[in-house]
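The values are calculated or read from the model by the stated rules, or taken from the named source; none is laboratory data. This is a predicted model, so every value here is computed, not measured. Heads up, the Cβs are rebuilt from the backbone with ideal geometry, glycines too, and the neighbour counts pull from every protein chain shown. All accessible areas refer to the heavy atoms of the entire protein, side chains included, with ligands and DNA or RNA removed. Shrake-Rupley method; radii C 1.70, N 1.55, O 1.52, S 1.80 Å.
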Amino acid sequence: MSWSGGGGDSGGRSLRVTGGTAGHPGRAAEVVLATRGHEEVGRLRFRACPKCRTGRILDIWVEEEWRRQGLGREALHCLLVLHPGHRWTTTHQTSEGHTFFSAMSQETGTDFPAGAPLCPHLRGPMRRWVHRVLRRSADRQQ
């Protein structure tokens with residue numbers, strides 16, 4: 001799946017979406033930002049759970065020389081089109097990331113808080129195991 005980026009002044013940008021999450025919520029998928037010459041200039045990695053309609057943005061980056069041109073914004077909008085109506089969290093946000101996600105929250109009406117995954121399907125195997133052990137321990141203490 002791909003989209004042309006940004007209209008007539010796109011400078012040869014295009015968006016290429018690779019990966020998939022249908023039936024595999026634990027697997028990372030990505031929106032790849034690439035030039036028409038297939039040079040990768042950015043990427044947004046995420047996991048989404050179609051069952052719980054939640055998602056987690058793992059990371060987003062754009063090459064320094066391509067920043068401040070709306071590419072991260074385009075990638076995030078692409079993600080929201082691919083997974084409409086999902087609730088999202090992110091991993092730890094840098095101050096630059098916090099500014100970006102705050103602006104995108106205002107623009108899209110979707111919150112992007114930093115924090116834990118919103119559903120158990122998005123936890124890794126080790127985290128699921130730890131969660132089960134802690135839950136069993138708490139049940140025994142009651």
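Numerical summary
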item	result
Residue within the stretch 7-28 that is open to solvent by 20 Å² or more (accessible area, probe 1.4 Å), at pLDDT below 60 and touching a Cys at 6+ places or on another chain (Cβ under 7 Å) present	yes
Matching residues in the stretch 110-142 - criterion: being touching a strand residue (DSSP E or B) at 6+ places or on another chain (Cβ under 6 Å), at pLDDT below 90 and not in a loop (DSSP other than H, G, I, E, B)	HIS121, LEU122
Conditions (1) at pLDDT 90 or above; (2) more than 12 Å from the chain's Cα centre (by Cα); (3) part of a loop (DSSP other than H, G, I, E, B): number failed by GLU107	(3)
The stretch 58-94, subset at pLDDT below 90 and farther than 19 Å from VAL32 by Cα, residue most open to solvent (accessible area, probe 1.4 Å)	HIS92
Scan of the stretch 45-60 for residues that are in a loop (DSSP other than H, G, I, E, B) and among the hydrophobic types (A, V, I, L, M, F, W, C), ordered by number	CYS52
Any pair with Cβ under 7 angstrom, 6 or more apart, that starts in the stretch 61-84 at a residue that is in a loop (DSSP other than H, G, I, E, B) and ends at one that is crowded, with 18+ Cβ neighbours inside 10 Å	GLU63/VAL41; GLU63/GLY42; HIS83/ALA48; HIS83/GLY55
Unmet criterion (only one of (1) part of a loop (DSSP other than H, G, I, E, B); (2) at pLDDT 90 or above) for HIS38	(2)
